[in-house]
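The values are calculated or read from the model by the stated rules, or taken from the named source; none is laboratory data. Not measured: the values here are computed from a predicted model. Glycine also receives a Cβ, built like all others from the backbone with ideal geometry; neighbour counts cover every protein chain displayed. Only protein heavy atoms, including side chains, enter the accessible area calculation; ligands, DNA and RNA are left aside. Shrake-Rupley method; radii C 1.70, N 1.55, O 1.52, S 1.80 Å.
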Amino acid sequence: MRAPQKGDAAGIHRLIAECPPLDLNSVYTYLLLSEYFGQTCILAGSGDTLHGFVSGYVPPQRPDTLFVWQVAVHERARGQRLGRRMLQNLLQRPGLAHIQFIETTVGPDNSASRGMFAGLARQLLAPVNEQPLFERHMFGPQAHEDEPLLRIGPFRSELLR
Ligand SMILES: CC(C)(COP(=O)(O)OP(=O)(O)OC[C@H]1O[C@@H](n2cnc3c(N)ncnc32)[C@H](O)[C@@H]1OP(=O)(O)O)[C@@H](O)C(=O)NCCC(=O)NCCS
């Protein structure tokens, strides 16, 4: 597992395209994430084969929080806790030792993603709160599920070491 670099963006775009129901963003978005937010993103894979990717950033108004944007694990690598392990690995980075909360949005029917975040919260002995954030009608004419906010924390990431 490692931080992405800009040369990874096209491969990340391909991986996300193969991981519905994730929204596929432009290659440019993945270039930006890799070049400017690599310290809060992580890739799993070897050579040209990417198995997993997590994008995230620290919201400027909440420096103790990691917002997790997209988590993708390719079908060939699912069920081995790779999703959770990428999140753990991120939280163990020295530059993120101060993080006490994770925020993310998860569709109501995405049981794999909910299971992954619930497992991480249990491991961190942290409460999980859920509240509405991005509602269906806010996505415009494009059909899209609600994206409620999950907030996990407070926690101490030393629990992962
Ligand atoms: C969500 C996703 C990243 C999970 O990746 P993964 O590496 O297979 O998940 P993990 O193995 O870390 O699973 C973690 C937990 O979730 C549970 N889980 C995994 N898949 C599940 C499923 N389909 N249904 C219910 N629970 C599931 C596991 O049992 C595990 O629980 P445990 O730790 O208590 O045993 C992967 O399924 C994926 O990429 N899906 C498509 C894209 C997506 O929906 N991303 C998330 C958007 S927010």
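Details
- Helical runs assigned H by DSSP (4 residues or longer) give the chain a calculated mean residue ellipticity at 222 nm of -8000 deg cm²/dmol, each run adding -39500 (n - 2.57) before division by the residue total.
- Volume of the Cα convex hull of the chain, divided per residue and given in Å³: 118 Å³
- Helical segments meeting 15 Å axial Cα length and Kyte-Doolittle 0.0 threshold in the chain (DSSP H): none
- Per-residue packing, averaged as other Cβ atoms within 10 Å, sorts the ranges 130-138, 59-67 into the order 59-67, 130-138, beginning with the highest.
- Judged by the mean number of other Cβ atoms found within 10 Å, the most tightly packed of the peptides 44-51, 74-81, 32-39 leads the ranking 32-39, 44-51, 74-81.
- Note on L32 and A112: the extension gain reaches 26.1 nm, defined as 0.36 nm multiplied by sequence separation minus the Cα-Cα distance.
- Segment 6-160, accessible area per residue, ligands and nucleic acids excluded (1.4 Å, Å²): 54 Å²
- Annotation: for a label point projected 7 angstrom from Cα along Cα→Cβ of Q131, residues of segment 93-118 with backbone N closer than 16 Å are 101-106.
- Surface composition of segment 1-115: carbon plus sulfur atoms hold 51% of the accessible area, using a 1.4 angstrom probe and ignoring ligands, DNA and RNA.
- Mean separation of Cα contacts under 8 Å, 6 or more apart, over the residue count of the chain: relative contact order %: 18 percent
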